[in-house]
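Notes follow the structure.
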Amino acid sequence: MKITKKILSEEQIQERIIKLASEINTDYEGKNLIILGVLKGAFIAISDLAKNLNIDVSFEFMSISSYEGSESTGQIKIEKDLDIDISGKNILIVEDIFDTGLTLSSLIDILESRNPKSIEIMCMFVKSVEKKIPVKIKYKGFEIGSEFVVGYGLDYMGKYRELPYLAELS
Ligand code: 5GP
């Protein structure tokens, strides 16, 4: 497997992050917000987003996996859970990529049972796949094709996360 095509440049991604941060700043003005980062893939998006926020915000992380190599296993595993109580809190999940929707729909189910005040989702890359589980993504970075991608936090077998752009791996 190797990088065959650059899909989104660093400039395109940074420009979009600034726009999303500005929407989030407006929507959560005067409210408390917990950004719930989904590790590991969202770590770059979260830090770029964080630098552009000017609201009352804190950051918490969960670690979830659903992929082995480049194939979905069809189930999610919580590797690291939250260590705070989210009841009555405004939660914004930040996820790297939406493929079948399994990860986000399972995560929403888990978090809703903990009675937060609100839950919204920001997802950097949304794939066009036919069999999706419907999930409402309020802040969407980019819609992309169905190819396997790496970079901007996304890996293949632990590699390529550090790339500042998004690329196709085939
Ligand atoms: P879903 O549960 O929506 O099918 O898949 C979401 C998760 O699968 C993401 O959080 C990510 O870890 C992984 N994933 C899905 N598509 C890709 C991809 O193209 N590249 C990489 N590196 N991971 C992906």
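General remarks:
- Ser128, sole failed condition from (1) crowded, with 18+ Cβ neighbours inside 10 Å; (2) more than 8 Å from the ligand (Cβ to nearest atom): (1)
- For Ala50, the conditions (1) closer than 20 Å to Leu163 by Cα; (2) modelled with pLDDT under 95 all hold with the exception of (2).
- Test result for Lys89, more than 13 Å from the ligand (Cβ to nearest atom) and in contact with a Pro (Cβ under 7 Å, 6 or more places away or on another chain): yes
- Counting only residues that are modelled with pLDDT under 95 and among the aromatic types (Phe, Trp, Tyr), the range 53-79 holds 1 of them.
- Among the numbered conditions (1) exposed (fewer than 12 other Cβ atoms within 10 Å of the Cβ); (2) modelled with pLDDT of 95 or more; (3) not charged (D, E, K, R), the only one that Pro134 does not meet is (2).
- Candidate set: the range 32-47, residues that are more than 17 Å from Ile121 (Cβ to Cβ) and modelled with pLDDT of 95 or more; chosen: the one farthest from the chain's Cα centre (by Cα): Ser47
- For beta carbons closer than 6 Å, sequence separation of 6+ or different chains, a first residue in the range 36-47 that is near the ligand (Cβ under 10 Å from one of its atoms) and a second that is charged (D, E, K, R) and not in a loop (DSSP other than H, G, I, E, B), the qualifying pairs are Val38/Glu95; Gly41/Asp96; Ala42/Glu95; Ala42/Asp96.
- Single residue of the range 93-114 satisfying the filter (among the β-branched types (Val, Ile, Thr) and more than 6 Å from the ligand (Cβ to nearest atom)) that is surrounded by the fewest Cβ atoms within 10 Å (Cβ to Cβ): Ile110
- Considering (1) among the β-branched types (Val, Ile, Thr); (2) modelled with pLDDT under 95; (3) within 26 Å of Ile7 (Cβ to Cβ), the lone condition that Val94 does not fulfil carries the number (2).
- Scanning the range 22-49 for residues that are among the aromatic types (Phe, Trp, Tyr) and not in a helix (DSSP H, G or I) yields a single hit, Tyr28.
The values are calculated or read from the model by the stated rules, or taken from the named source; none is laboratory data. For clarity, every value in this text was computed on a predicted model and none was experimentally measured. Every residue, glycine among them, receives a Cβ derived from its backbone with ideal geometry; neighbour counts consider all protein chains shown.
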